[in-house]
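The next block holds one structure in the form of structure tokens; read it before the comments.
The values are calculated or read from the model by the stated rules, or taken from the named source; none is laboratory data. None of these values were measured; they are calculated from a predicted model. Here the Cβ positions follow ideal geometry from the backbone for every residue, glycine too, while neighbour counts run over all protein chains shown. These accessible areas exclude ligands, DNA and RNA; they are computed on the full protein's heavy atoms, side chains included. Shrake-Rupley method; radii C 1.70, N 1.55, O 1.52, S 1.80 Å.
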Amino acid sequence: MPATFAAKAGDVLLVVDVQNDFCPGGALAVAEGDAVVPLINRLAGGFDHVLMTQDWHPAGHSSFASSHAGKEPYDSIAMPYGAQTLWPDHCVQGTTGAAFRADLDLPQAELVIRKGFRPEIDSYSAFFENDHETPTGLAGYLRERGLERVFVCGLALDFCVRFSAEDAKAAGFEAVVIGDACRPVDLPGTVEATTASFREREIPVINSGDIG
Ligand code: VGL
Ligand code: ZN
């Protein structure tokens with residue numbers, strides 16, 4: 001019997017990177033990325049607080065393979081802060097690819113946190129840059145507002161959703177992942193690593209139907 005998660009005061013729906021470039025036809029398309037949109041629109045109605053993230057890179061960002069001679073998308077390179085996967089150019093500030101999906105209908109969202117805007121460092125997590133020490137400010141925002149439990153959904157499960165949920169938990173919040181409202185990039189081993197990490201950190205993965 002799956003646990004039922006009754007939404008309560010202090011709960012937040014964190015909608016990660018539901019942007020054109022992560023959906024079919026986009027620069028870093030996630031298979032069925034667009035399929036999460038109707039689910040998230042519906043889920044959001046059950047939450048008092050909806051927050052969003054937006055991947056937001058300057059042109060020539062250091063996470064782009066095109067910024068590194070001889071490198072291809074999905075190669076990995078050593079950055080001062082650790083290994084970094086290189087991506088196709090995506091979510092460039094102000095472009096259509098960086099815009100939220102037009103069918104994402106969340107006018108009630110209280111905060112949009114942009115990430116990945118520093119040229120020299122990538123940011124998967126909504127809480128920290130990929131150095132795992134530069135904060136985005138989200139933990140302070142949640143704390144100051146008395147928000148305690150973060151339900152994470154969106155794109156992509158094995159990168160930005162994963163690290164947002166892990167960092168939420170590490171920062172002392174309750175973290176829950178809504179699995180059917182996420183889709184993975186699915187590089188070799190990344191989904192398995194995500195599943196193992198959630199299990200190890202005791203981050204529950206539920207379905208949207210379990211909330212109510
Ligand atoms: C993401 C790769 C690069 C994500 C963002 O939103 O999961 N993945 N930038
Ligand atoms: Zn990115």
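Determine which member of the set 112, 92 is more than 13 Å from ligand 2 (Cβ to nearest atom) and of a type in the set (Val, Ile, Thr).
Answer to the check: 112.
Against the condition surrounded by 16 or more Cβ atoms within 10 Å (Cβ to Cβ) and away from ligand 1 (no atom under 11 Å from the Cβ), how does residue 96 come out, does it pass?
no
Only one of (1) free of Cβ contacts under 8 Å to residues at least 24 places away in the same chain; (2) in a loop (DSSP other than H, G, I, E, B); (3) of a type outside the set (Lys, Arg) is not met by residue 77, so which one is it?
(2)
What about residue 107, is it surrounded by fewer than 15 Cβ atoms within 10 Å (Cβ to Cβ), assigned to a loop (DSSP other than H, G, I, E, B), within 15 Å of ligand 2 (Cβ to nearest atom) and not aliphatic (A, V, I, L, M)?
Taking the combined requirement at face value, the residue does not satisfy it.
Would you call residue 106 under 23 Å from residue 38 (Cα atoms) and more than 16 Å from ligand 1 (Cβ to nearest atom)?
Spelling it out, residue 106 is indeed under 23 Å from residue 38 (Cα atoms) and more than 16 Å from ligand 1 (Cβ to nearest atom).
Can you give me the number of residues within the stretch 83-93 that are modelled with pLDDT of 95 or more and open to solvent by less than 70 Å² (accessible area, probe 1.4 Å)?
Total satisfying the criteria: 7.
Kindly check whether there is at least one residue in the stretch 70-82 that is open to solvent by 70 Å² or more (accessible area, probe 1.4 Å), hydrophobic (A, V, I, L, M, F, W, C) and more than 15 Å from ligand 2 (Cβ to nearest atom).
yes
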